[in-house]
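The values are calculated or read from the model by the stated rules, or taken from the named source; none is laboratory data. For clarity, every value in this text was computed on a predicted model and none was experimentally measured. Positions of Cβ are backbone-derived with ideal geometry, glycine not excepted, and every protein chain shown enters the neighbour counts.
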Amino acid sequence: MSDALAPYVVGRDGPFGRAEAAHLLRRAGFGARPEEQERAVAAGLAATVEKLLADDEGKEAAQLGASGALVAEGDALAPLQGVWLGRMVATRAPLREKLALLWHGHFATSLAKVQRATWMWWQYELFRARGAGRFGELALAVARDPAMLVWLDGSSNEKTAPNENFARELLELFTLGRGEYGERDVQEAARCFTGWHVKEQRFWFNERAHDAKPKRVLGRDGLQDGGEVVDVAVAHPACARFVATKLLKAFVADAPDEAAIAETAAAFAEEGLDVHATLRRLFLSRLFFDRRWRRARIAAPVEWCVSLLRRTATRSKLAAVGTATGEMGQALFAPPDVKGWDGGAAWVSSRTLLARGRFAAALAYGDGALGTAVDWAMLAGTAADRDGATLVARLAELLVDDGLEPATRARLVAFADSEGAGGGATRIARVAHLLLSAPEALLV
Amino acid sequence: MARSLARSIVIRLGGAVAVAGGLSLLPLAAWAEAAWPARAAVAAPQAGAPRPEVADLASLLPDDALLVAELRGAGALARALPTGTLRDRLFALPSWKRFQKTPPHAQLLAGIAFVELVGGMPVAELLGALLGDSLVLSVAMGDGAPQLVAAVRTADAEAAAHLLQLARSLIAASKEEPKPGRLDTLDGHEVAVLREQLWVGAVGRDLLAAGSAAKFRELAARAVAGGARAVPPLLAGARAAAPQGALLNLALDSKRLAAIAPDSWKFPLEQDEPFGALLTGDLMRLAAQAEVVRGAVVLDGATLRVDVALPAPSSSPLPEAYRCFAHANAAQPLPIVRPPELLLTSVMRRDWAAFWADHGELCSDAAEPAFAKMKSDFGLLFGGKSLADDVLPMLGEPMLFVLARQGFAGVAEPPQVRFPAGAFVYRTRGDAAKFGRDLENAVQMGIAFFNADSAQKQVMPFVLFLEEHRGVRIVGGRLPVDDSRPADPYRRNFSPCAAYVGEWAIASSTEELLKQLIDELSAPDRASFTPAGALAYLELGGAALARLAVEDREALITNAVVNDGKSRDEAELQQEFLADLARETERMHLATRLRDGAFHVEFEWALAPRAPATPASREGGP
């Protein structure tokens, strides 16, 4: 084993205290309440990581998952979004859902064109089932997925008129990135995928439409079939780096540096492009706990909303939350285009910030449309009637893992102690609203 | 009283534990149940000569009331709750038993315990005392604000004094600063003043309440004077019009209310939604022009009846534009259909052609796009014919709509989510044969549109069929049984079809329902009619609704979780409760009728007959 993703040794390299546990649970999950962070600290780093990698989602999440297919039959977007969001909020295995979300944005497919909610649900289930395994197997399964075949016009890819859409995106967006292949590779790969159609809602290899002549793709001769193209692309050195960068952006930083990319790509390749094994090494690595990467990501809208719903333990009208995340720029099952969501700074615009502000207000004050009703007095506990500093400290610990700049904290404390804040539950709600509107609240 | 106090102490301990620790009070409640006196002493009539009082409590109300209400015998009903069949039925419901295991149930018990602790008597007795033998209430406008006057005739002076003492105790015990109430003396009467908005005192066994000191003085003076006085004309009229044994009578002087506060008595005479206008246009108009509105509630065993009457003065009948509501035909019998597995059946006197012609006066401009769309869509469906000129004139009144649970008999793969089957039935006029052809064409066109969508989704299309049932020709579409394509899951609920039976045209979402309606409409001896004078009638079938609620349990629960923000447990409880409620319902109907010179909106809910409760059947609960 190389030095790539050298392990973080607790004690030698640093502690595994509340801050580290919070960082891990934010990145590998959807954040955690203070008591969960305490439990993680008590269990230790290794045990916490293993728990994150386990797939026991719990009864409530499993029940929601089971209802997804039923909801999908209605062919409506918002309820389907609601089911997935509900699963994210309820799950005891948040990493599994985060990976599904990652692959949903990576192999971006939209209901807008697929027009069959059931197929979109099947694709999500595929991401859940295979998203933690070997990347090559995932890519092959996606290539045969009915929703993907409709999305990138696979069903109209025939030997008499090859359609290059899927082949191009496979190489450019799914495995290698720009600059690692040529036009000829795209054309030949497209020929390999001819006859990869959908019939009766399932993948169907249409032999009549398939170009059976041998092709050359990425320097390999004699390829016949689309599956072989996937194998060749995944085995290309650029693939490990390309996918590793995606993993880093999802779990470490919006803009990871070259050293981090190289280190992670090496580990990914060593692990045979096994996502779980790589994530295990990543979460246990010095790189992951490097202070440069703490709060170095802007939370995606879904991640942000789910985190707040989990932290505040409030029920909500999940379908309406799905619509709200769409207004923030991330509509589940409906990414804007084949590139998915750009993420990072792209999440921040005047329109999306307004939408986040509305959600923060709905959470703070309760909202009939979203169905939220946070019991702030219960959450604030003994801090409810205390001075501003105590109240802000409690809310900051609960909502943003203490991640407030001193100036922001001082302003919040001043407000909490002012007459304008009011009293009782109203005061807590107002302080919470302001806190959630601070820039630090967007960072994970 | 001592037994009540002792019981209160026990409950106080249990209540404190329950409130503090969230523990269930079930064992405590069971003990209390066994030790419960049949009736608290405070509710028993006392011997001795009572203070002179007005003969009719309602005569204490002022004559200038805008709204009057009278509740009779509610106190006795409340006192009988712990021993009544309604309680037994509630506690026997599976959903209630499930509710008993939830934290809200424990909170409910704790709340009841608190009320009993403070009230010093069992909650049913307290409620009975508050509602009294009769309760009257009026609201008048004074100084630009509504002013309340109310009186309760309790069992005796001690009961009235006890309730007043309760108010005093609550005020004294409140931690609010300033206190929510105070004590005062008005003309020798001790009163509790609540938030400077309600003055409460007692004269003899009559508990009095008013919205101002001045009103209370007037009320108390009348109560002290006693004797016989006239009842306010508004209430006298309501009593005269009310059914015998009404539990609640009320009347609203809507004409005066509209003059004093126009915004509070306003009805949309031009509606934005065409179907809203079609359904309620006449009701809105009559409500807007009504001088008095009267209501009554009757509880007759296991049947609840509510009646709201809008007297329709002969001097101002509905304008010509309202001819589509066919009030002129009210005397004619109104047929109704009741297929097996009935979920909902309805009939309305509506002339579609007249509605279309006059919709400019019944609907606002905002409705025009909807009318344009209907014209376009239905014109296409009927092969380019004009909806207003060719189709609607063929449809006479009444219009029937029915929903029924599907049996899916003979269907190999019933859908996971089961929709009810629905059908429209119209009485037609004009050339029946020609309209029958148009209807068949419309069905074929509709199926063609569905099939175009199916082709895009690569799912099974409908296959057209033309068959006969009891000599009646049916045209429709059904899913084939031997097609390898998957079916769109929801479409397994449908086999759209239409038929013509005598003067009736039927358009149904399923063959099964269409055939049932053909059977019913073909057999004159099976004809059913609504009560005389009905203009619109809607009836729910509880048994079939309960069965459907069970079949669609998972879909209903998921919908509640995803769309309504409920937890899984809450959603399951809600679904089970709805199913139980449906199962307990024998019949429920809503109707508008013209009778006795008035326009009535009637609601009736009858519980299904049950065997009398036995002591062994009483389980858990207060």
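Okay, here's what the table says:
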quantity	calculated
Positions within the range B:473-492 being surrounded by fewer than 20 Cβ atoms within 10 Å (Cβ to Cβ) and more than 11 Å from chain A (Cβ to nearest Cβ), in sequence order	B:Arg473, B:Arg478, B:Pro480, B:Val481, B:Asp482
B:Arg418 vs. criteria basic (Lys, Arg), more than 30 Å from A:Ala69 (Cα to Cα) and in contact (Cβ under 8 Å) with a residue 12 or more places away in the chain	no
Search result, residues across the range B:507-524 that are among the hydrophobic types (A, V, I, L, M, F, W, C) and closer than 17 Å to B:Gln406 by Cα	B:Ala507, B:Leu513, B:Leu514, B:Leu517, B:Ile518
Members of the range A:359-374 found to be hydrophobic (A, V, I, L, M, F, W, C), within 13 Å of chain B (Cβ to nearest Cβ), touching a residue at least 40 places away in the same chain (Cβ under 8 Å) and over 10 Å from A:Ala432 (Cβ atoms), listed by number	A:Ala369, A:Leu370, A:Ala373
Where a residue in the range A:415-444 is touching a residue at least 24 places away in the same chain (Cβ under 8 Å) and acidic (Asp, Glu) and its partner, wherever it lies, is buried (at least 17 other Cβ atoms within 10 Å of the Cβ) and part of a helix (DSSP H, G or I), with Cβ under 7 Å and at least six apart	A:Asp417/A:Gly388; A:Glu440/A:Val400; A:Glu440/A:Thr408
Pairs, first within 14 Å of chain B (Cβ to nearest Cβ) in the range A:200-217, second at pLDDT below 95 and in a loop (DSSP other than H, G, I, E, B), C-beta under 6 Å, six or more apart	A:Glu200/B:Arg485; A:Glu200/B:Pro486; A:Gln201/B:Pro486
Single residue of B:Gly396, B:Gly360, B:Gly379 found to be out of contact with any Pro (no Cβ under 8 Å at 6 or more places or on another chain), under 28 Å from B:Leu540 (Cβ atoms) and either at pLDDT 95 or above or not in a loop (DSSP other than H, G, I, E, B) (or both)	B:Gly396
Close pairs (7 angstrom Cβ cut-off, 6 or more residues apart or separate chains): touching a residue at least 12 places away in the same chain (Cβ under 8 Å) in the range A:122-145, of a type in the set (Ser, Thr, Tyr) and assigned to a helix (DSSP H, G or I) anywhere	A:Ala139/A:Thr175
Hits in the range B:503-532 (condition: modelled with pLDDT under 90 and crowded, with 19+ Cβ neighbours inside 10 Å)	B:Thr530
Close pairs (8 angstrom Cβ cut-off, 6 or more residues apart or separate chains): within 18 Å of B:Ala202 (Cβ to Cβ) in the range B:161-177, assigned to a helix (DSSP H, G or I) anywhere	B:His162/B:Val42; B:His162/B:Ala129; B:Leu163/B:Ala129; B:Leu163/B:Leu130; B:Leu166/B:Val118; B:Leu166/B:Gly119; B:Ser169/B:Val118; B:Leu170/B:Val118
Qualifying positions in the range A:254-274 - part of a helix (DSSP H, G or I) and surrounded by fewer than 22 Cβ atoms within 10 Å (Cβ to Cβ)	A:Glu258, A:Ala259, A:Ile261, A:Ala262, A:Ala266, A:Ala269, A:Glu270
Elements of type helices (runs of 4 or more DSSP H) in the range B:533-597, at least 3 residues being surrounded by fewer than 17 Cβ atoms within 10 Å (Cβ to Cβ), within 14 Å of chain A (Cβ to nearest Cβ) and hydrophobic (A, V, I, L, M, F, W, C)	none
Criterion: assigned to a helix (DSSP H, G or I) and under 23 Å from the mean Cα position of the chain (by Cα) - qualifying residue of B:Ala309, B:Ala321, B:Ala277, B:Ala259	B:Ala277
Check on A:Arg26, within 17 Å of B:Ser567 (Cα to Cα) and under 18 Å from the mean Cα position of the chain (by Cα)	no
Test: B:Val425 is in contact with a Phe, Trp or Tyr (Cβ under 9 Å, 6 or more places away or on another chain) and modelled with pLDDT of 90 or more	yes
Tally, over the range A:245-270, of residues that are closer than 22 Å to A:Arg96 by Cα and of a type in the set (Gly, Ala, Ser)	5
Of residues in the range A:375-393 being touching a residue at least 40 places away in the same chain (Cβ under 8 Å) and of a type in the set (A, V, I, L, M), the one farthest from the other protein chains (Cβ to nearest Cβ)	A:Val392
Any chance B:Ser495 is out of contact with any His (no Cβ under 8 Å at 6 or more places or on another chain), outside any strand (DSSP E or B) and away from every other protein chain (no Cβ under 14 Å)	yes
Helices (runs of 4 or more DSSP H) wholly inside the range A:1-112 that include at least 2 residues being away from chain B (no Cβ under 14 Å) and not β-branched (Val, Ile, Thr)	A:18-28, A:34-43, A:45-53, A:94-106
Test: B:Leu556 is in contact with a Leu (Cβ under 6 Å, 6 or more places away or on another chain) and either closer than 15 Å to B:Asp580 by Cβ or in contact (Cβ under 8 Å) with a residue 40 or more places away in the chain (or both)	no
Single match in A:Phe359, A:Phe268 (criterion: among the aromatic types (Phe, Trp, Tyr) and within 19 Å of the chain's Cα centre (by Cα))	A:Phe268
Residue within the range B:484-495 that is in contact with a strand residue (DSSP E or B) (Cβ under 7 Å, 6 or more places away or on another chain) and of a type in the set (A, V, I, L, M, F, W, C) present	no
Filtered residue count, the range B:534-550, keeping only those that are among the charged types (D, E, K, R) and more than 19 Å from the chain's Cα centre (by Cα)	1
Single condition A:Trp119 does not satisfy, out of (1) hydrophobic (A, V, I, L, M, F, W, C); (2) farther than 21 Å from A:Asp337 by Cα; (3) within 14 Å of chain B (Cβ to nearest Cβ); (4) in contact (Cβ under 8 Å) with a residue 24 or more places away in the chain	(2)
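Residue-by-condition table, conditions (1) more than 14 Å from chain A (Cβ to nearest Cβ); (2) among the β-branched types (Val, Ile, Thr):
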position	(1), (2)
B:Asp389	yes, no
B:Leu392	yes, no
B:Ala421	yes, no
B:Gly436	yes, no
B:Ile447	yes, yes
B:Gln458	no, no
